[in-house]
Amino acid sequence: MREALIVWGGWSGHEPEQCAAIYKNWLEEDGFKVYVENTTEAFADPAIKDLSLIIPIFTMSKIEKEEVSNLTAAVEGGVGLAGHHGGMGDAFREAVDYQFMVGGQWVAHPGNIIDYRVDITRSDDPVMAGLPASFPYHSEQYYMHTDPSNEVLATTTFTGEHASWIDGVTMPVVWKRKHGAGRVFYSALGHVSSEFQVPEMATIIRRGMNWAAR
């Protein structure tokens, strides 16, 4: 049986505990044995190298050097990494090795909660198969610094209404990548747990985490 670890914590505004419960339910339905922890100390456990998947939901916060070292080594060795929004893409701002692994870092969400569109760029990818070419979304529109080696599956385009200098900028929303032997999947969607009820968002994340898991 594949085993997965969910580690939640950090800023409570992203509802990490509620999101962890959703992931746990999905993973168990998909045949995983799931462990849930709420401290970064879980990343220091040498046993994580034997897992199939790790899901961090830990906005901001700090991670100790030995914790991030063990986590990145596990992914380099083949453990999958998957997550969403600030829980994975704005975690551990001082840990550049973590950001290197994720493939991006949040820097702004102009206008805060707004209406925008998500555009699928890889409809041929199994994660995106059958989804509409474009769908509306109501949440924070993440502006991120991203790794050019990411395989981008979906994007969003900024209007410039809330920051004129980014008018027309197309920004990755969903990507996958490799980090050593490990698969990494990330979606910027999902500011709060209720967004998991959006069918497109839920489909993308659930497929993505299964893709990442070895």
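Annotations for the structure displayed:
- In straight-distance terms, cross-link reach from LYS65 covers every one of the aspartates and glutamates whose alpha-carbon lies under 16 Å from its own, apart from those fewer than eight places away in the same chain; here that gives GLU41, ASP45, GLU94, ASP97.
- On Cα atoms only, tilt of 199-212 relative to the major axis of the chain in degrees: 40 degrees
- Descending Cα extents along the principal axes, region 17-146, whole Å: 42, 34, 27
- Relative to one another, the C-alpha centroids of region 43-97 and region 175-196 are positioned 12 Å apart.
- When peptides 126-136, 193-203 are ranked by their average number of other Cβ atoms within 10 Å per residue, the highest-first order is 193-203, 126-136.
- Computed per residue of the chain from DSSP H runs no shorter than four, each worth -39500 (n - 2.57), the mean residue ellipticity at 222 nm is -7000 deg cm²/dmol.
- Separation of the SER69 and GLU17 label points, Cα + 7 Å toward Cβ, nm: 3.3 nm
- Remark: accessible surface ordering of ARG177, ARG2 (largest first) is ARG2, ARG177, probe radius 1.4 Å.
- Unit charges on C-beta of K, R, D, E only; dipole of region 137-214, Debye: 620 debye
- Note on region 1-63: semi-axes of the ellipsoid equivalent to its C-alpha gyration tensor, largest first and rounded to whole Å, are 19, 16, 6.
- Proximal aspartates and glutamates relative to LYS24, as straight alpha-carbon distance under 18 Å, when same-chain residues fewer than 8 apart are discounted: GLU3, GLU15, GLU37, GLU195
- Calculated diffusion of region 91-214, Stokes-Einstein form, Kirkwood radius summed over Cα pairs, 20 °C and 1.002 mPa s, µm²/s: 143 µm²/s
- The convex hull defined by the C-alpha atoms of region 93-159 has an orientation-averaged projected area of 5.3 nm².
The values are calculated or read from the model by the stated rules, or taken from the named source; none is laboratory data. Since the model is a prediction, treat every value here as computed from it, not as a measurement. Note that we place each Cβ from the backbone using ideal geometry, even for glycine, and neighbour counts take in every protein chain shown. The protein model used for the area step is the full one, side chains on, heavy atoms only, and it has no ligands, DNA or RNA in it. Shrake-Rupley method; radii C 1.70, N 1.55, O 1.52, S 1.80 Å.
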